[in-house]
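Laboratory data are not the source of any read-out in this text; all were calculated from the coordinates shown. Computed from a prediction, not measured in an experiment: that's the story for all the values here. Every residue, glycine as well, gets a Cβ built from its backbone with ideal geometry; the counts of neighbours run over all protein chains shown.
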Amino acid sequence: MGAMKKSQGSLVAEGYLVLLLGMLLVGLLLRAVPHGLHALGRLCLQAELDRVEQDLHARLEARFLFDVEQVQVAEGPEGTVVRCYGGPGFARRDYYVKESPSSRCPVLYRRTWNPQAKKPGVNPISPDHVAVTGFAAKLAGPGRLSWKMTLIHRKTGVEKEFQEVFSYGP
């Protein structure tokens, strides 16, 4: 028995069918890639906000655990102010949210009054590309401070809730 030969017309039809299926596959991939890149970008931004949250958490927790003996929460011209008193080496540290002059967005600041210095030192402790909103704090019992704020990536609007109870005192 001999092999059947295909006619030239069926070869061309098979070629067009393969080309059509290939073009459909490429079209589906091209439609899916932007959605996948967008999802990957949002995931990266969420990971960046997670990193900022972890950094702030580590800084604040270390301060409260090792340097703070007493805490007061009050309302000041900047809004909620967390005032921390500690042992020798500093008189007082205040944490508050205020608009940054360089980025024009709300940033978390730390103001330190040192007994030896004539003026307080003021430093931002959150990055300029992340806005801090909804800052609230309250005493949650002896030696415990409840802290809450929202971190917002300024370019994309991706948000991350930061809520923690810090322990302090001897």
Rg [Å, one decimal], Dmax [Å, integer] - the stretch 59-101, C-alpha atoms: 11.2, 32
Using a Förster distance of 22 Å, the FRET efficiency for Tyr85-Asp55 (Cβ separation, nearest 0.05): 0.35
Tilt relative to the chain, helix 8-67 - C-alpha long axis, 0 to 90 degrees, to 10: 10
Residue-averaged [θ]222 nm for the chain, counting only DSSP H segments that reach four residues, each worth -39500 (n - 2.57): -13500 deg cm²/dmol
Inter-label distance, nm, simple model (7 Å from Cα along the C-beta direction), Phe66/Glu164: 1.4
Calculated over the chain: convex hull of Cα atoms, volume per residue (Å³): 198
